[in-house]
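Input: a single structure, listed below in structure tokens.
What follows draws every value from the coordinates through simple rules; no lab data is involved. These numbers were taken from a predicted model, which means no experiment stands behind them.
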Amino acid sequence: MPSRRILLLNGPNLNLLGSREPAIYGSATLADHVANVEAACAGLGWAVQHLQSNSEAELVGAIHAARGSADGIIINPGAFTHYSWAIHDALAAFDGPVIEVHLSQPLSRESWRHTSVVAPVAIGTIAGFGGVGYALAVEALSRHFAAAKTL
Ligand code: CA2
């Protein structure tokens with residue numbers, strides 16, 4: 001299988017994971033989730049670049065930089081999920097597959113979390129499985145790339 005370069009993006013406040021709201025987001029830290037993605041990708045021979053940012057502009061810049069330098073994007077956009085058309089447009093301009101991940105299940109929470117402006121530019125969304133969702137996203141990308149090769 002060819003080596004792949006994956007960009008892992010985490011949006012605002014996800015740097016606080018493990019310190020508050022464990023009932024919703026679990027007790028693992030962001031570093032734990034990143035390490036799990038790195039381990040899953042290493043098992044496939046893939047490289048991972050990670051960015052967590054509280055800045056919409058920085059996330060948009062990272063998505064632009066991924067054009068030509070990453071094969072796929074795994075993104076938990078945090079609250080930007082629900083209203084950032086800038087992130088939507090940046091992801092739409094990225095050529096490779098995008099997977100949206102949420103630790104919680106936004107559809108079972110407040111109504112303002114029920115809309116995702118990122119979902120329409122993702123090949124799929126994984127939500128509600130806690131940190132396992134990040135590993136599931138790597139698995140989904142692996143199957144996506146394998147299926148694309150046989151088309
Ligand atoms: O479930 C998810 O992964 C979310 O993307 C998390 C976002 C939320 O706005 C989305 O609706 C769903 C919020 C992340 C905030 O993370 C915190 C972690 C610890 C303490 C406070 C916030």
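Can you give the relative contact order of the chain as a percent, counting alpha carbon pairs under 8 Å and 6+ residues apart? This gives 26 percent for the chain. A full extension of the chain between Y83 and D32 corresponds to an added length of 15.6 nm, given 0.36 nm per residue minus the alpha carbon distance.
Applying 0.36 nm per residue to the separation of T150 and T115 and subtracting their alpha-carbon distance, the gain on full extension is 9.2 nm. Here is how the number arises for the chain: DSSP H runs of 4 or more residues each give -39500 (n - 2.57), the sum is divided by the residue count, and the result at 222 nm is -11500 deg cm²/dmol.
With the Cα gyration tensor of the range 1-88 giving a ≥ b ≥ c as the square roots of its eigenvalues, does the rule (a/c under 1.5 for rounded; else a/b larger than b/c for prolate; else oblate) give rounded, prolate or oblate?
oblate
Rounded to the nearest 10 degrees, the inclination of helix 56-66 to the longest alpha-carbon principal axis of the chain is 10 degrees.
Which of rounded, prolate, oblate describes the range 82-121, given a ≥ b ≥ c as roots of the alpha-carbon gyration tensor eigenvalues and a/c under 1.5 marking rounded, otherwise prolate only if a/b is larger than b/c? In terms of gyration-tensor shape, oblate.
Dimensions of the chain from C-alpha coordinates, computed as largest minus smallest value along each principal axis and given longest first, are 41, 30, 26 Å.
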